[in-house]
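*Asks:* One structure coming up, written as structure tokens, with questions to follow.
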Amino acid sequence: MRANAKKLTVETGIKFAEALVEERYVDAHLYLTKSAQQEYTPEKLLTKYQNMVDYGSDPVVDGYFHFMANWPARLPQDIGWVYISISGSYFAEAVTVIVSDEDGFPKIREIEWGRP
């Protein structure tokens, strides 16, 4: 899985962000690790996402700005870290996710909401 780290991380992150933008919170929930699913129910994903973008309209996923394969808090099962831009009329936000290998599948174990 490490050979395709960037591809797997970016694809997983973008699919997660697209599900949020399209208000498919149950689908977004499926991209999370089991422990992250405990923290973020579909309802909590809705709340976190809406709180992040409630001041704008017409959100779209712009793509990603940065991928990292190594960072100080990286765990052995982590595949990669990616920052995904989400913007619309009058706003620019992002989700940053850490994607890990869980039972052979790329899953999001951590989410940072909003741009830095």
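The values are calculated or read from the model by the stated rules, or taken from the named source; none is laboratory data. Nothing here was measured: the structure is a model prediction, and the numbers come from that model. The area values use the complete protein model at the heavy-atom level, side chains included, leaving out ligands, DNA and RNA. Shrake-Rupley method; radii C 1.70, N 1.55, O 1.52, S 1.80 Å.
*Asks:* As a check on your grasp of the helix formula, calculate [θ] at 222 nm for the chain: sum -39500 (n - 2.57) over DSSP H runs of n ≥ 4, divide by the residue count, round to the nearest 500.
*Replies:* Helix-only estimate at 222 nm: -10500 deg cm²/dmol.
*Asks:* Right, here's the next one. At 1.4 Å probe size, what's the solvent-accessible area of Val26? Round to the nearest 10 Å².
*Replies:* About 90 Å², rounded to the nearest 10.
*Asks:* Still on this structure, please answer the following. At a 1.4 Å probe radius, which order do His66, His29 fall into by accessible area, largest first?
*Replies:* On the way: His66 90, His29 35 Å².
Correct descending sequence by accessible area is His66, His29.
*Asks:* For Lys107, which aspartates and glutamates qualify as cross-link partners when the Cα separation must be under 20 Å and same-chain residues fewer than eight apart are set aside?
*Replies:* Glu11, Glu18, Glu22, Glu23, Asp27, Glu39, Glu43, Asp78
*Asks:* Moving on. Heavy atoms only, probe 1.4 angstrom, no DNA, RNA or ligands counted: give me Lys107, Lys44 ranked by accessible area, highest first.
*Replies:* On the way: Lys107 50, Lys44 85 Å².
Result of the area sort, largest leading: Lys44, Lys107.
*Asks:* If you rank Glu102, Glu43 by how much accessible surface each has, with a 1.4 Å probe, what is the order from largest down? Can you show the working numbers first?
*Replies:* Details: Glu102 45, Glu43 125 Å².
If we order Glu102, Glu43 from most to least accessible, we get Glu43, Glu102.
*Asks:* Quick one: accessible area per residue over the chain, 1.4 Å probe, rounded to a whole number of Å²? Can you show the working numbers first?
*Replies:* Values: 6320 Å² over 116 residues.
On a per-residue basis, 54 Å².
*Asks:* In whole Å, what is the distance between the alpha-carbon centres of the range 34-62 and the range 78-111?
*Replies:* If you average the Cα positions of each part, the centres end up 12 Å apart.
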